[in-house]
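So the structure is just underneath, and the comments pick up after that.
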Amino acid sequence: MAAVNIVATGESGGMTEETGSGFSRRSFLAASAFAGGGLLLDFSVSAAASAAPGQPDMAAATVNAYIRITPDDIVTIQAKNPEIGQGVKTMLPMLIAEELDVDWKNVRTEMAVLDPAKYGPQFAGGSFTTPMNYDPLRRAGAAGRQMLVAAAAQTWHVPEAECETTPGVVHHKPTGRTLKYGALAAKASKLPPPDLKTVKLKDPKDFRIIGQAIGGVDSPLIVAGKPIFGIDVSVPGMRYAVYEKCPVHGGTVVSANVDAIKALPGVRDAFVLKTSAVGPAPFAGMQVGALDGVAIVADTWWQANKALEKLVVQWDEGPAATQSSAGFARQAAELAKQAPTKIVRSDGDTKGALAGAAQTVQASYFYPFLAHVPLEPQNCTAHFHDGKVEIWAPTQNPGAGRTLVAKTLGIPDTDVTIHIIRCGGGFGRRLASDFIVQAAMISRQAGAPVKLLWNRKQDIAHDMYRPAGFHYFTAGLDAKGKLVALRDHLVTFGEGNKFNDSATISPTEFPARLLENLEFGMSAMPLGLPTGPLRAPGSNGLAFAFQGFLDEVAHAAKQDPLQFRIDLLGAPRVLPTPPGPFGPAPGFDTGRMVGVLELVREKSGWGKQTFAKGTGLGVACYYSHLGYFAEVVKATVDSAGAVRVDKVWIAADVGSPIINPSGALNQVQGSALDGIGAALGQAITVERGRVVQTNFHDLPLLRMNQAPPLEVHFRTTDNPPTGLGEPALPPVIPALVNAIYAATGKRVRKLPIDPAELKST
């Protein structure tokens, strides 16, 4: 069960329309007649000429979204960004449909193919889809409405000001005449498009679609088991492929019994792919190429996967074969005794303030490597023919995938076509393109279209892992219990002063900018495994460490942990933030964080309840991906140390409006459950350079009977809306471990939670 409460306030702040929306002054709307009669609206992000009326030239248009209206009043809206379960295939068309003023039951959505010249950026990651598209797509819809009104006014020979719309219909107010959009579409398509900067947007109080709980457009197909995922793709003449790589990342093939494999039932081909020329480079992030391996191509995937059992490969495992989780822990402990190799932030005199503190608190925190483990393992269908390749991929980052495939195969980007297929989960793993490159290479070698599908063991053994982190904290309190200094030395992975993907700490990490004396330092250890972003990258580990330690500091100061955070935030103000990946970013608003802390205090009954021994409440707050979240967890620990999460209260400020409350609730609850699952039982460990875990028996996902009720409250403020795929995850983990402390008096400073350390008998 879940409760959703929207609490309105009159606050202001956050991103400006110009810097936060992604809208460019060069943006404009191109209109053309759709084949068969109708209106086609192309929302462009750079200058391009409109196609001549009746002669649409979609290939020449530069667009990032478009609308098709046919004479039967059906409106088809292209969804340009990958759908990985975050609901954008529903949410983005809602924005356009609202301002176009159509009835949602007449809207159809289609997934766009990759065409960056036409659509602009097409990716799913970082919870950027909402802030980048909220204003531009509304303007695209409003422009379409304006053109339909103009067409009706010309038809009736009346001023446009005398016309208005209701869903799908233009009305002439003085005479009561009406025309449906379908009847006006052909005429509207011949009109010049309006300037997007001047189109009139609806007053939010008049929204009919935005703010309504609308189910996912693909949900009926998913419930019915329809083939809509990458794993379901089938093309004529397709064969099935598996690809075996060295268990130690970066290892190379010395020899393999491919001739014996070719003789097995159903096997069409088996071959070694040497890929060192396009393999991974240090700190290349997620976009590393295919690794050396052995491909098996068969009539069915079962035959190909069974043939793996007979495959014998001699590998050159390389230097990473000496690495292990135990070795990393020993190295981290030694590095912690030394000065950090990199100072990320240094304010005031931290050393002096700690030396003069009335009380100091020290603790070390550890979080492990994590795998993404989407339920749909990595897969891709590719057909290389006539020097070109066509790809059907469940990818979060199709543009980067196309670039990598073109580079690997030595062909122009324009000779790579990528169809964006719905993903069965992504969580950051499908930002990488290694599986796409592998499918393209295998298809070229096999001379046939192939569907490459990893088995679960391969999916876990060859991930782009959330990097582990070792934090060594020291805090200083004055005689009144006020926090006066904080130091953190993070030991993680990289070489020298270069750190692996998602293994860094920001100079603005909370509570930076709130303390006069603060130091963040980092040191690196070499790592053979590739790392990359996992849902709420960086934040998913940092929140556990920082919010867990701050809870310790609050208790050492004999203060209420929730009020301690409010006092630390201080007076409402906006603290500047460095530019993000897409330009200027809004500052950190201390008032908004205080707001969600106060809201979650109210809704959870914080400080007003007493519990039996073994049950307690924990709190944490965190700002990530432009979202402000405070969460309270109620947890019970039995005498054997087993942890049960009884309930979670979540307070969120992600601006307004909440575009689709149904999708928003799903994302917030799903993120929190993801965090709980990771905390209770997930870790990737390394021995002899290879991942130990092989399947869900030793990398357990959260089970249904472990999922607690989650009560979600949105505190709407006068700030632009932002994404919800990630920011609810980080605070739930520290809130859980803080609840365990309240229940048992025992601190959890190492993940995943070990029941053996919580036993009371």
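The values are calculated or read from the model by the stated rules, or taken from the named source; none is laboratory data. None of the values given here were measured: they were computed from a predicted structure. Here the Cβ is made from the backbone with ideal geometry for all residues, glycine too, and neighbour counts use every protein chain on show.
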Please specify each residue of the stretch 679-725 satisfying the condition of being among the hydroxyl-bearing types (Ser, Thr, Tyr), in a loop (DSSP other than H, G, I, E, B) and closer than 23 Å to Pro661 by Cα.
Thr722
Could you please tell me which pairs satisfy a Cβ distance under 7 Å, a separation of 6+ or placement on different chains, a first residue in the stretch 424-448 that is within 21 Å of Gly670 (Cβ to Cβ), and a second residue that is of a type in the set (Phe, Trp, Tyr)?
Gly424/Phe229
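If we only count strands (runs of 3 or more DSSP E) wholly inside the stretch 291-395, which ones have 1 or more residues that are small (Gly, Ala, Ser) and more than 23 Å from Val450 (Cβ to Cβ)? Full working, then the answer.
On the way: elements: 293-298, 313-316, 342-347, 359-367, 379-385, 388-393.
Those strands (runs of 3 or more DSSP E) span 342-347, 359-367.
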Starting from the stretch 292-303, take each residue that is more than 11 Å from Ile442 (Cα to Cα) and list its partners that are in a helix (DSSP H, G or I) and modelled with pLDDT under 95, counting only C-beta distances under 6 angstrom and pairs at least six apart or across chains.
none
Being outside any helix (DSSP H, G or I), surrounded by fewer than 18 Cβ atoms within 10 Å (Cβ to Cβ), touching a strand residue (DSSP E or B) at 6+ places or on another chain (Cβ under 9 Å) and at pLDDT 95 or above is true for just one of Gly237, Gly215. Which residue is that?
Gly237
I need a count of the residues in the stretch 644-656 that are among the aliphatic types (A, V, I, L, M), in a strand (DSSP E or B) and in contact with a Pro (Cβ under 7 Å, 6 or more places away or on another chain).
2
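Could you tell me how many of the residues in the stretch 641-669 are closer than 25 Å to Ala742 by Cα and either free of Cβ contacts under 8 Å to residues at least 40 places away in the same chain or not β-branched (Val, Ile, Thr) (or both)? Walk me through it before giving the result.
Kept after step one, since they are closer than 25 Å to Ala742 by Cα, are these residues of the stretch 641-669: 641-652, 668-669.
Add one more test, that the residue is either free of Cβ contacts under 8 Å to residues at least 40 places away in the same chain or not β-branched (Val, Ile, Thr) (or both), and what stays is 641-642, 644, 646-647, 649, 651-652, 669.
Count: 9.
For a quick check of your reading: which helices (runs of 4 or more DSSP H) sit entirely within the stretch 81-198 and have at least 1 residues that are of a type in the set (Asp, Glu) and in contact (Cβ under 8 Å) with a residue 60 or more places away in the chain?
On the way: elements: 88-100, 116-119, 129-156, 181-188.
Correct list: 88-100, 129-156.
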Suppose we filter Leu335, Leu370, Leu354 for residues that are touching a strand residue (DSSP E or B) at 6+ places or on another chain (Cβ under 6 Å), under 28 Å from Val491 (Cα atoms), of a type outside the set (Val, Ile, Thr) and surrounded by 22 or more Cβ atoms within 10 Å (Cβ to Cβ); which single one remains?
Leu370
If the Cβ limit is 7 Å and pairs must be 6+ apart or interchain, which residue in the stretch 390-407 that is within 13 Å of Cys380 (Cβ to Cβ) pairs with which residue that is acidic (Asp, Glu)?
Pro394/Glu376; Arg402/Asp413
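Conditions tested, residue by residue: (1) at pLDDT below 50; (2) of a type in the set (D, E, K, R).
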{"position": "Ala30", "(1), (2)": "yes, no"}
{"position": "Phe43", "(1), (2)": "yes, no"}
{"position": "Ile67", "(1), (2)": "no, no"}
{"position": "Thr90", "(1), (2)": "no, no"}
{"position": "Glu98", "(1), (2)": "no, yes"}
Suppose we filter the stretch 100-124 for residues that are modelled with pLDDT of 90 or more and either more than 16 Å from Ile420 (Cα to Cα) or buried (at least 24 other Cβ atoms within 10 Å of the Cβ) (or both); how many remain?
10
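Given the condition part of a loop (DSSP other than H, G, I, E, B) and touching a strand residue (DSSP E or B) at 6+ places or on another chain (Cβ under 6 Å), answer yes or no: does some residue in the stretch 409-417 qualify?
Within the stretch 409-417, the subset part of a loop (DSSP other than H, G, I, E, B) is 410-412.
Among the residues that remain, those that are also touching a strand residue (DSSP E or B) at 6+ places or on another chain (Cβ under 6 Å) are: none.
For the stretch 409-417, residues part of a loop (DSSP other than H, G, I, E, B) and touching a strand residue (DSSP E or B) at 6+ places or on another chain (Cβ under 6 Å): absent.
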Say we look at the stretch 511-546 and pick out the residues that are within 19 Å of Ala672 (Cβ to Cβ) and among the aromatic types (Phe, Trp, Tyr); which of these is farthest from the chain's Cα centre (by Cα)?
Phe546
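Is it true that some residue in the stretch 665-678 is outside any loop (DSSP other than H, G, I, E, B), among the acidic types (Asp, Glu) and out of contact with any strand residue (DSSP E or B) (no Cβ under 9 Å at 6 or more places or on another chain)? Explain how you work it out, then say what you get.
Of the residues in the stretch 665-678, the ones outside any loop (DSSP other than H, G, I, E, B) are 665-678.
Imposing the further condition that a residue be among the acidic types (Asp, Glu) reduces the set to 674.
With out of contact with any strand residue (DSSP E or B) (no Cβ under 9 Å at 6 or more places or on another chain) added as a condition, the list becomes 674.
Yes, that holds for at least one residue.
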Scanning the stretch 292-312 for residues that are at pLDDT 95 or above and closer than 30 Å to Met525 by Cα gives Gly293
